[in-house]
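Step one of this worksheet: look at the structure below.
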Amino acid sequence: MPHDLPAWVAELTDPRRAETLDELADRLVPLAEHAIDVSRRLQAQLNELNDPFKREALYGRVERLKARVGEALEEITSEISASGEERIERVWAECAGQAGPGGRGAEERELRRVLDRDIVAVLSRQQQEVAERVADRTSTALEDATQKLLTRVEELAKAVTDLIHDVLPLAREGLTLASRISALSGHARKTGRGPIPDELKDAGAETSRAFDEAVARLELEWAALGARSATVRAALRGAEESAFSQVTEEMTRCVEELAPRHVQALNEAEAKARSLFEEARG
């Protein structure tokens, strides 16, 4: 729905409505400030657009990727380790609960020693081997994903740089216009008081037209640049997420490939542990 401003707003901001030199000078001042404001907003928007491509931001993006992959790898490593411990502890709890009360402490300690030596140690080496293979595959995938991320950022940075070079002159145009308007306002005040001479009246009208055209372009470019900035931020975020997914997908494939062998090792360790307990119970 339309939101109209009071009539006096146009009256006090349009030099073409001025009737005296003072009124002309007064009406030119807010125009100059408006031109400066939109130019500064446009420059700030350009700086914001460029910020994600500075060295510190690029370094931070890569470090975030490494940290996230490190957390994911640590979680997988913990799950691998926990899978073996859970199997052994489950068998231990079952068999220890079935043991008789007499001489139980010494027998359990000896059984635990044999279990740690013959089964846990072997299972730990197996788990370490699986974890190392996952880590190696992850490292390679991380290197590839990081390179792809950097390439995408570089491509986007080039497009953004070209955009900045195209838009920056517009921001400077606004400042130049503001200087021109201020100079005309000062000239009007120095001319004196009373009616506006035809020369200044024409200059005021021409300056108003130039202001309307320039500010319309600047405001439109500022709005469009805001949309582009949002798109660029989304693209960078998407590139980060894609890089992370690329690594985690490779990690998942590696775990799936190693899972059958790992499960077999767990089953063999559990079977051997049960065998030891049966022998100990005689």
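The values are calculated or read from the model by the stated rules, or taken from the named source; none is laboratory data. Only a predicted model underlies this, so the values are computations on that prediction, with no experimental measurement involved. Please note: Cβ atoms are built from the backbone with ideal geometry, for glycine as well, and neighbour counts cover all protein chains shown. Ligands, DNA and RNA are stripped out before the accessible areas are found, and what is left, the full protein with its side chains, is counted by its heavy atoms. Shrake-Rupley method; radii C 1.70, N 1.55, O 1.52, S 1.80 Å.
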Once you keep just the Cα pairs under 8 angstrom separated by 6 or more residues, what percentage relative contact order results for the chain?
44 percent
Explain nothing, just compute: Karplus ³J(HN,Hα) = 6.51 cos²θ - 1.76 cosθ + 1.60, θ = phi - 60°, for every residue of the stretch 36-42 in order, whole Hz, x for Gly and Pro.
5, 4, 5, 5, 5, 5, 5
If every Lys and Arg gets +1 and every Asp and Glu gets -1 at its Cβ, then about the Cα centre the stretch 6-86 yields a dipole, in debye to the nearest 20, of 440 debye
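For the chain, how many pairs of lysine residues have a Cα-Cα distance under 21 Å, where the two are 8 or more positions apart or belong to different chains?
Qualifying lysine pairs in the chain: 6.
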Bin width 5 Å, alpha-carbon pairs only: give the P(r) of the chain as whole percents, running from 0 to the bin holding the largest distance.
1, 5, 9, 9, 8, 7, 6, 6, 5, 5, 5, 5, 4, 4, 4, 3, 3, 3, 3, 2, 2, 1, 1, 0, 0
To the nearest 20 Debye, how big is the dipole of the stretch 178-237 about its Cα centre, given +1 on the beta carbon of each Lys and Arg and -1 on that of each Asp and Glu?
380 debye
Semi-axes, largest first, in whole Å: what does sqrt of 5 times each Cα gyration tensor eigenvalue give for the stretch 207-282?
70, 11, 4
With angles folded into 0 to 90 degrees, how steeply does helix 104-115 sit against the dominant principal axis of the chain? Use alpha carbons for both and round to 10.
70 degrees
Once phi for every residue in the stretch 129-146 is put through the Karplus expression 6.51 cos²θ - 1.76 cosθ + 1.60 (θ = phi - 60°), the whole-Hz ³J(HN,Hα) values, with Gly and Pro written as x, are 5, 4, 4, 5, 5, 5, 5, 5, 5, 5, 4, 5, 5, 5, 4, 5, 5, 5
Probe of 1.4 angstrom, ligands and nucleic acids ignored: what's the accessible area per residue over the stretch 98-236, in square angstrom?
59 Å²
In whole Hz, what ³J(HN,Hα) sequence does the stretch 193-207 give by Karplus (6.51, -1.76, 1.60; θ = phi - 60°), x for Gly and Pro?
10, x, x, 8, x, 4, 4, 6, 5, 5, 5, x, 5, 5, 5
Hey, any idea what Rg/Rh is for the stretch 106-242, computing Rh the Kirkwood way over Cα pairs?
1.57
Magnitude of the Cβ-charge dipole (Lys and Arg +1, Asp and Glu -1) of the chain about the Cα centre, nearest 20 debye, reported as 420 debye
For every helix of n ≥ 4 consecutive DSSP H residues, a contribution of -39,500 (n - 2.57) applies; sum these over the chain, divide by its total residues, and give [θ] at 222 nm rounded to the nearest 500 deg cm²/dmol.
-32500 deg cm²/dmol
